[in-house]
1. With respect to A:Ser40, is the statement that it is within 15 Å of DNA strand D (Cβ to nearest atom) and polar (S, T, N, Q) true?
2. Can you pull out every residue in segment A:71-83 that is aliphatic (A, V, I, L, M) and either within 13 Å of DNA strand C (Cβ to nearest atom) or in a strand (DSSP E or B) (or both)?
3. Determine whether B:Ala51 is surrounded by fewer than 16 Cβ atoms within 10 Å (Cβ to Cβ), more than 14 Å from every other protein chain (Cβ to nearest Cβ), outside any loop (DSSP other than H, G, I, E, B) and hydrophobic (A, V, I, L, M, F, W, C).
4. Taking the options B:Lys18, B:Lys55, name whichever one is in contact with a helix residue (DSSP H, G or I) (Cβ under 9 Å, 6 or more places away or on another chain), charged (D, E, K, R) and modelled with pLDDT of 95 or more.
5. Give A:Glu86, A:Glu45 a once-over and let me know the one that is free of Cβ contacts under 8 Å to residues at least 24 places away in the same chain, in a helix (DSSP H, G or I), at the interface with another protein chain (Cβ under 8 Å from one of its Cβ atoms) and within 25 Å of B:Arg64 (Cβ to Cβ).
6. Within segment B:78-113, count every residue that is more than 15 Å from the chain's Cα centre (by Cα) and either modelled with pLDDT of 90 or more or not hydroxyl-bearing (Ser, Thr, Tyr) (or both).
7. Among the listed residues B:Met24, B:Met65, identify the single one that is within 12 Å of chain A (Cβ to nearest Cβ), at pLDDT 90 or above and in contact with an Asp or Glu (Cβ under 7 Å, 6 or more places away or on another chain).
8. Anything in segment A:1-37 that is more than 23 Å from B:Leu42 (Cβ to Cβ), more than 16 Å from DNA strand C (Cβ to nearest atom) and among the basic types (Lys, Arg)? List them, or say none.
Protein chains: 2
Amino acid sequence: MRRRFSDEALELVAARFKLLAEPMRLRILDALRGGEKSVSELVAETGASQANVSKHLNLLFRHRMVSRRKEGLNVYYRIADPTIFELCELVCSSIEAELEASRKALARRPARA
Amino acid sequence: MRRRFSDEALELVAARFKLLAEPMRLRILDALRGGEKSVSELVAETGASQANVSKHLNLLFRHRMVSRRKEGLNVYYRIADPTIFELCELVCSSIEAELEASRKALARRPARA
DNA sequence: TGATTATATTTCGATATCGGAATCTAGCGA
DNA sequence: TCGCTAGATTCCGATATCGAAATATAATCA
């Protein structure tokens, strides 16, 4: 039981991953890729309800993944942590590798059962 | 609602992140950093129950994050997807940045309230 | 074959979190 | 001041998943 990481450290890392473990949050983050957007724009772009988008944005904000700026009635959100996209790219290539492996495993199956 | 990613693609990416969003799985993966280990070794090293370790390993295996080798009564697991560690390093530095930002925010508070 | 050991699987209760619906709040304009 | 609009918050039911406990399976050995 010799441990490289403390429980708290692991909790922090896991919490970070958990933020990205939600399709809708990923969609929101992707929508922000091009620059800041208001909540309504994000609602329009994601197809989710306003309440939902707002909740997700708040969560991301509390973890400093996005930052925000108020202008009149609107609130504009933008990506605060650019490592997000590196993470997603790594995961994407990892998934491609996994799918490719699955494909090959299927192809390796005896031609005539 | 112009979308860069399909729903399925986002589900896949989110599922991948979800795998890493569990402290115990991170601990197991970290234990495998040095090379393959048997289930009992992992149980000893993580302090979790055998059933739990087994379940986590199975989940990781089904997603091809680890692979395994049977030898007699033992089953040896090893990391199959090395991008895991890159992911964790990115997240760690991102967390450090977040904590540093929080620290500075605190320090910026008026000296005498 | 029967016992033992390593691992896997199933069941279960507790907990977390998503999305929907309704409501609240703040800022702007008439 | 009133009403409208953008966004935030609260409450709720449904669903997922963790860990614990018990049990099952499989490989080895006596």
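1. On the way: within 15 Å of DNA strand D (Cβ to nearest atom): yes; polar (S, T, N, Q): yes.
Yes.
2. Residues of segment A:71-83 aliphatic (A, V, I, L, M): A:73, A:75, A:79-80.
Selection gives A:Leu73, A:Val75, A:Ile79.
3. Working: surrounded by fewer than 16 Cβ atoms within 10 Å (Cβ to Cβ): yes; more than 14 Å from every other protein chain (Cβ to nearest Cβ): yes; outside any loop (DSSP other than H, G, I, E, B): yes; hydrophobic (A, V, I, L, M, F, W, C): yes.
For B:Ala51, the condition - surrounded by fewer than 16 Cβ atoms within 10 Å (Cβ to Cβ), more than 14 Å from every other protein chain (Cβ to nearest Cβ), outside any loop (DSSP other than H, G, I, E, B) and hydrophobic (A, V, I, L, M, F, W, C) - is met.
4. Working: B:Lys55 fails: in contact with a helix residue (DSSP H, G or I) (Cβ under 9 Å, 6 or more places away or on another chain).
None of the other options fit; the residue is B:Lys18.
5. Numbers: A:Glu45 fails: within 25 Å of B:Arg64 (Cβ to Cβ).
The unique qualifying residue is A:Glu86.
6. Counting residues in segment B:78-113 that are more than 15 Å from the chain's Cα centre (by Cα) and either modelled with pLDDT of 90 or more or not hydroxyl-bearing (Ser, Thr, Tyr) (or both) gives 17.
7. Numbers: B:Met24 fails: in contact with an Asp or Glu (Cβ under 7 Å, 6 or more places away or on another chain).
Criteria check complete, one pass: B:Met65.
8. The answer is A:Arg33, A:Lys37.
The values are calculated or read from the model by the stated rules, or taken from the named source; none is laboratory data. Because the structure is predicted, anything quoted here is derived from the model rather than measured. Note that each Cβ is placed from the backbone with ideal geometry, even for glycine, and that neighbours are counted across all protein chains shown.
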